[in-house]
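Peer 1: There's a structure below that I have some questions on.
The values are calculated or read from the model by the stated rules, or taken from the named source; none is laboratory data. Values in this document were obtained by computation on a predicted structure and should not be read as measured data. Because the Cβ atoms are built from the backbone with ideal geometry, glycine has one as well, and the counts that use them run over all protein chains shown.
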Amino acid sequence: MTEAILATQGITKSFGALKASDDITLDLVPGEIHAVIGPNGAGKSTLIKQICGGLKPDSGSVKLLGQDVTATTTAARAQMGLGRTFQISALAMEDTVLQNVMLGAVGRAGSPWHLFRPVLGERRLREIAEDALERVGLTEDAATRTAELSHGQRRQLEVAVALTLAPKAFVMDEPMAGLGSGGSKRLTGFLDQLRAQAPILLVEHDMDAVFALADRITVLVYGKVIATGNVDEIRANPAVREAYLGDEA
Ligand code: ADP
Ligand code: MG
């Protein structure tokens, strides 16, 4: 069996009487895109927060590269290789694209470069940033003011910032949100290639993107996993159609 890069085991989390995560077990293996779908309020973002370290489960565990990280901070997980993107955008709109990647690389507590900032030197930092921009296809926009990028390009820029941390796994919460259909298509193509660098746990509402990208899909309803399978299995699953997909399948 392939060793999971990321795994949750029986994660449970309540907010008062509401069980937002109910015994969730899933994993992410090398090379795959594993999509998590479900209706609004199903607990997708709550799950992502527990995986990334922003929220502590009441019970259950999170493992990263085989190590139990349930009690560790968001920064520690980032440093171990958990690349999270598409949260509230932390990009500085007035800075250039290159400046954002350089700042992102040294400015974050979780960054391996953070401690080395005084000795790393501007030139080495610039190399790291330029390499990341090349990998997301933004080399030609390095000197562009970030505010002038399209929404889709900003998502690519956020991935470039994450790449400076050499992530072993990506976790993304609704990256297609706010993109038009052209933007979604381009970002879908981009994520399809990104999976070669690190597998992606992808929360997404855009079913075209999910069906095009996902090797596996996990369906959450009321905090519980009701199904896991490949695209065909999920589309054909009566409980999933009933609870979520309806006509989209
Ligand atoms: P999704 O991302 O699938 O739309 P969420 O994980 O955001 O769902 O929310 C799952 C449920 O937990 C919702 O009913 C939401 O209102 C509730 N919830 C999320 N965060 C909190 C919180 N911090 N305090 C209380 N209830 C919360
Ligand atoms: Mg959400």
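Peer 1: Name the residues in the stretch 26-50 that are of a type outside the set (D, E, K, R), outside any loop (DSSP other than H, G, I, E, B) and more than 12 Å from ligand 1 (Cβ to nearest atom), would you?
Peer 2: Matches in the stretch 26-50: LEU26, LEU28, ILE33, HIS34, ALA35.
Peer 1: Only one of GLY223, GLY182, GLY178 is outside the structural domain of VAL101 (by TED's automatic domain parsing), within 16 Å of ligand 2 (Cβ to nearest atom) and at pLDDT below 95; which?
Peer 2: Result of the check over GLY223, GLY182, GLY178: GLY178.
Peer 1: Does the stretch 57-71 contain any residue that is modelled with pLDDT of 95 or more and within 14 Å of ligand 1 (Cβ to nearest atom)?
Peer 2: Yes, the stretch 57-71 contains at least one residue that is modelled with pLDDT of 95 or more and within 14 Å of ligand 1 (Cβ to nearest atom).
Peer 1: Further question on the same structure: Could you figure out which of (1) within 16 Å of GLY83 (Cα to Cα); (2) at pLDDT below 85 isn't true of ARG195?
Peer 2: (2)
Peer 1: When you look at LEU6, is it at negative phi, at pLDDT 95 or above and away from ligand 1 (no atom under 12 Å from the Cβ), yes or no?
Peer 2: yes
Peer 1: Looking at the stretch 173-223, which of its residues are closer than 22 Å to ALA7 by Cβ, of a type in the set (Gly, Ala, Ser) and buried (at least 17 other Cβ atoms within 10 Å of the Cβ)?
Peer 2: Passing the criteria: ALA198, ALA214, GLY223.
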